[in-house]
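> After the structure tokens below, expect a handful of questions from me.
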Amino acid sequence: MRRIFLVGFMGSGKTTVGRLLAEKLGYAFLDLDELLQEQAGFSIPEIFARRGEGAFRDMESRALRALKAWEDVVVALGGGAFVSEENRREVKRLGVSVWLDCPLEVILKRLEGTTDRPLYRSPEQMRALLEARLAAYQQADLHVEAGSLTPESIADEIIRRLGLRPKQS
């Protein structure tokens with residue numbers, strides 16, 4: 001397994017768990033949203049405001065296809081990236097997908113006071129968005145409950161369930 005893709009809703013812990021998982025495996029870590037911000041030269045809310053969500057999703061798909069040049073990498077996908085059938089096919093072709101399934105109540109608590117997420121407006125809107133994305137997330141290769149475990153425990157669980165060996169310290 002040369003590429004591990006973490007999928008799930010915003011606030012589910014993809015970046016936090018991804019960094020730990022990469023460190024434990026001796027892999028590189030890439031947050032796709034951070035990469036897109038670097039490439040665009042401005043934040044995701046600004047990309048949405050200036051170019052629209054459609055343009056952002058196109059950027060996301062192009063960046064994902066470019067990951068074929070990477071090996072031994074853990075990638076945290078943006079919350080909507082795995083919704084696209086084209087992106088799901090690309091992830092399947094490139095590596096293994098792991099859904100960090102986190103209850104909405106936990107996510108809402110984590111996102112309290114957040115202003116940098118363009119699709120976060122209200123708890124009701126979040127519930128509808130999560131419900132709309134669930135069918136896509138459920139297509140991930142591995143499903144990990146991420147609501148009550150520590151990020152370290154989640155990373156260990158992924159390593160165990162994928163049958164990988166942590167790097168020796």
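> Apply the Kirkwood formula to the stretch 60-113: the hydrodynamic radius equals the inverse of the mean of 1/r over all pairs of different alpha-carbon atoms; give it in Å with one decimal.
On the way: mean 1/r = 0.0787 Å⁻¹.
It is 12.7 Å.
> Principal axis extents for the stretch 22-68, Cα atoms only, whole Å, descending order, please.
38, 19, 13
> So, one more: Taking amide hydrogens as modeled 1.01 Å from N in the peptide plane, which residues meet the under 5 Å criterion relative to CYS102, leaving out close sequence neighbours?
PHE9, ALA146
> At 222 nm, what helix-only mean residue ellipticity would the chain give, in deg cm²/dmol to the nearest 500, using -39500 (n - 2.57) for each DSSP H run of four or more?
Working: 8 runs with 87 residues, N = 169.
The helix-only estimate for the chain comes to -15500 deg cm²/dmol at 222 nm.
> Select one label from (i) -0.28, -0.81, -0.93; (ii) -0.34, -0.87, -0.96; (iii) -0.42, -0.93, -1.00: the one whose number is log10 I(q)/I(0) by the Debye sum over Cα atoms at q = 0.09, 0.15, 0.16 Å⁻¹ as derived from the coordinates shown.
Structure-derived value, by its label: (i).
> Lysines within cross-link reach of LYS92: Cα-Cα under 30 Å, excluding same-chain residues under 8 positions apart?
Straight-distance partners of LYS92: LYS14, LYS24, LYS68, LYS167.
Since every read-out is calculated from the coordinates, none of them should be taken as a lab result. All values reported here derive from a predicted model rather than from experimental measurement.
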